[in-house]
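Undergrad: What follows is a single structure, and I will ask about it in a moment.
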Amino acid sequence: MSTRTQADRMRSAGWVCLIGGLLGAALFYWVQTRALDPALDDRTALGYTRSMQHEMGVMMGHFGLILTEWQARLTTPAGEAVLIALGAGLFAAYFFRVAWVLRDDEQD
């Protein structure tokens, strides 16, 4: 019989989820940056970004520009890798929280 408690097993599962998620995010970033197409920006299409930002500002105002910038950053390989890492961190936090509650119950 194992001497590890249920809280220890939950904590171990949390670490496995966290490390696996971070490794998965790094692998995703590495694969996506190798297969990345050239971006359509001012380096490849002179004035494109400035024109697009102006039109967004006219149509949706300052808040629309902010949301468009967030959307553009989150759809890059780095942004998606950060979202994967955050999701893994939240999932691992669930296991750590359960382990903490179980440990408190065992001590009472």
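Undergrad: State whether the residues of region 39-57 include one that is part of a helix (DSSP H, G or I), touching a Ser or Thr at 6+ places or on another chain (Cβ under 7 Å), farther than 30 Å from ARG103 by Cβ and modelled with pLDDT of 75 or more.
TA: yes
Undergrad: Looking at PHE63, PHE96, which one is surrounded by 15 or more Cβ atoms within 10 Å (Cβ to Cβ), among the aromatic types (Phe, Trp, Tyr) and more than 26 Å from THR33 (Cα to Cα)?
TA: Being surrounded by 15 or more Cβ atoms within 10 Å (Cβ to Cβ), among the aromatic types (Phe, Trp, Tyr) and more than 26 Å from THR33 (Cα to Cα) holds for just one of PHE63, PHE96, which is PHE96.
Undergrad: If you don't mind, there's one more thing I want to ask. Quick check on region 21-36. Is at least one of its residues outside any helix (DSSP H, G or I), modelled with pLDDT under 90, of a type outside the set (Ser, Thr, Tyr) and surrounded by fewer than 12 Cβ atoms within 10 Å (Cβ to Cβ)?
TA: Among the residues of region 21-36, at least one is outside any helix (DSSP H, G or I), modelled with pLDDT under 90, of a type outside the set (Ser, Thr, Tyr) and surrounded by fewer than 12 Cβ atoms within 10 Å (Cβ to Cβ), which makes the answer yes.
Undergrad: Let me ask another. Check whether at least one residue in region 72-89 is loosely packed, with under 14 Cβ neighbours inside 10 Å, at pLDDT 95 or above and farther than 25 Å from LEU36 by Cβ, and report yes or no.
TA: Checked against the condition, which is being loosely packed, with under 14 Cβ neighbours inside 10 Å, at pLDDT 95 or above and farther than 25 Å from LEU36 by Cβ, region 72-89 yields no hits at all.
Undergrad: Please specify each residue of region 75-88 satisfying the condition of being over 9 Å from the mean Cα position of the chain (by Cα) and assigned to a helix (DSSP H, G or I).
TA: Within region 75-88, PRO77 is the sole residue that qualifies.
Undergrad: Report, by residue number, each residue of region 1-20 that is farther than 26 Å from VAL82 by Cβ, of a type in the set (Gly, Ala, Ser) and not in a loop (DSSP other than H, G, I, E, B).
TA: ALA7
The values are calculated or read from the model by the stated rules, or taken from the named source; none is laboratory data. Keep in mind the model is a prediction, meaning the values are calculated, not measured. Every residue, glycine among them, receives a Cβ derived from its backbone with ideal geometry; neighbour counts consider all protein chains shown.
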